[in-house]
Amino acid sequence: MLFRRREPDGLLERVRTYLWPRRSFSRSVQYFSKRILRLKATPHSVAAGVAAGVFASFFPLGFHFVIAAVICWVIAGNLVAAALGAVFFGNPLTFPLLWGASWETGKLILHERLPKHGPPEHLGEMMHTLSFAKLWHPILEPMLLGAVPLGLIFGLIFYGVTRWGMTVFREQRQRRMAERAKKKPPHGGREVPAE
């Protein structure tokens, strides 16, 4: 391969670059924003896809792409934009924050039915045996109930920002193309021979 490293990265280096980019987070944000802005779809479709991906990132069960795809189908969103939104917003660095916020919001919604001491004592044992019935009431129910309002709020915010960004980006690109067309000489820059 032409641009391959002489010494491939080891496991620890690959994990480190997955969690913390080599250059910076701003470069990663620029990359994802350019990928989203250059999608060939309507501004509504792209913005709805990003909003669906952001909404799905709050859910704890791990079916983010399935949830985002279903929501995209319902609101006529772009599936590629949904995948990009889900990957950008929901990643190993943000999942603890998203799921913690979902759980706390769910506890506020279910304030009367949850114990006041936080998670149950045998949470590690329940997670190890993965007993869905034991996990439902103390953990999953509050997380799912809390994910819906947070996902809606952040999804609407990202919808507005993405739609505005798509509109501005396309207007600027059309303006640049019109300026280039004015500067270009007629007939592709060739002189027309006299008859």
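The values are calculated or read from the model by the stated rules, or taken from the named source; none is laboratory data. On a predicted model such as this, the values are computed, not experimentally measured, just so you know. Note that we place each Cβ from the backbone using ideal geometry, even for glycine, and neighbour counts take in every protein chain shown. Please note that ligands, DNA and RNA were not included when accessible areas were found on the heavy atoms of the full protein model with its side chains. Shrake-Rupley method; radii C 1.70, N 1.55, O 1.52, S 1.80 Å.
Annotations for the structure displayed:
- Paramagnetic label zone (point 7 Å from Cα along Cα-to-C-beta, I153; backbone N under 16 Å) in segment 81-107: 97-107
- 3J(HN,Hα) couplings calculated from phi for segment 143-155 with the Karplus curve 6.51 cos²θ - 1.76 cosθ + 1.60 (θ = phi - 60°) are, in sequence order, 5, 5, 5, x, 5, 5, x, 5, x, 5, 4, 5, x Hz; Gly and Pro show x.
- Remark: segment 161-168, residue by residue, has Karplus-estimated 3J(HN,Hα) of 5, 5, 5, 4, x, 5, 5, 5 Hz, where x stands for each Gly or Pro and the curve is 6.51 cos²θ - 1.76 cosθ + 1.60 at θ = phi - 60°.
- Ordered by solvent-accessible area of protein heavy atoms (1.4 Å probe), largest first, the residues F58, F65 come out as F65, F58.
- Fully extended contour minus Cα-Cα distance, from R180 to N91, at 0.36 nm per residue: 28.0 nm
- Cα shape, segment 42-104, gyration tensor, a/c 1.5 rule: prolate
- For the peptides 79-86, 91-98, 171-178, 103-110, the ranking by packing is 79-86, 103-110, 91-98, 171-178, with the highest mean count of neighbouring Cβ atoms within 10 Å listed first.
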